[in-house]
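Notes to accompany the following structure.
The values are calculated or read from the model by the stated rules, or taken from the named source; none is laboratory data. Just so it is clear, the structure is predicted and the values come from calculations on it, not from any experiment. Glycine gets a Cβ as well: all are built from the backbone with ideal geometry, and neighbour counts include every protein chain shown. The area values use the complete protein model at the heavy-atom level, side chains included, leaving out ligands, DNA and RNA. Shrake-Rupley method; radii C 1.70, N 1.55, O 1.52, S 1.80 Å.
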Amino acid sequence: MKLEVLRFNSQDDFTNGLLFDVTDNVRSFLAYTLEDEARTTKVWGETRIPAGKYKLSLRAEGGFHTRYLAKYGDWHKGMILVNNVPNFEYILWHVGNSDEDTAGCLLVGKTSQENFIGSSTAAYKSIYPPIRDAILSGEDVWVEYIDYDGTILSNKSTDYVVNNFQVSENQEDLMKILSTDMQNLKADMKALRQTIILKGMQAN
């Protein structure tokens, strides 16, 4: 299984992003994400992890696991753990709403605003089972954090535009795909609203 976190908005206290499943080169939107802000020098509890590719596993110990096991029961087999992050430990994916709920970890939600994601528990319940099952089956599960935010610098010698947070070389192609996905999401939401309105009219 392959996943992507596309970060598109980093401000003083937070980073907005999107989580996709990109297994078999098919991109499927999973959830909105929220992290701490980008920093060149790490500040504990106030810094997002570096962009890069990381392997995921389940951490069946610690305070988060104990609380989630009590909350969700045997359905919960361990916290989603991001492994081998330079200068970071115990980076998890979990429920939360703002940067106050994370210390470098990834929060997931079904709605998004600046420094807020909503319906986080619902999003967690949606993304967790397939990731859990893939890990428990012995499948390698990887996530790539990709930065589409930060200062854009121009290289005068080549007139090539690069991102100072190490954006991958296929940025333009991915941005086109991301734009298409967002348009599809908006169309789906519009269709859903119309369906709800029609059902309300029929009920009357």
Exercise for the section: Kindly indicate whether Asp74 is charged (D, E, K, R), open to solvent by 30 Å² or more (accessible area, probe 1.4 Å) and in contact with a strand residue (DSSP E or B) (Cβ under 8 Å, 6 or more places away or on another chain). Expected result: no
Looking across the range 63-84 at residues that are of a type in the set (Lys, Arg) and part of a helix (DSSP H, G or I), the single one that is farthest from Cys105 (Cα to Cα) is Lys71
Selection over the range 1-44 where residues are among the hydroxyl-bearing types (Ser, Thr, Tyr) and surrounded by fewer than 16 Cβ atoms within 10 Å (Cβ to Cβ) yields a count of 3
Across the range 110-121, the tally of residues that are open to solvent by less than 50 Å² (accessible area, probe 1.4 Å) and touching a Gly at 6+ places or on another chain (Cβ under 8 Å) stands at 4
Within the range 22-41, residues out of contact with any Asp or Glu (no Cβ under 9 Å at 6 or more places or on another chain), closer than 26 Å to Asp188 by Cα and modelled with pLDDT under 95 come out as Asp24, Asn25, Val26
The residue that is surrounded by the most Cβ atoms within 10 Å (Cβ to Cβ), considering only those in the range 45-59 that are in a loop (DSSP other than H, G, I, E, B) and over 14 Å from the mean Cα position of the chain (by Cα), is Thr47
Any residue at all in the range 63-70 that is of a type in the set (Ser, Thr, Tyr) and in contact (Cβ under 8 Å) with a residue 40 or more places away in the chain? no
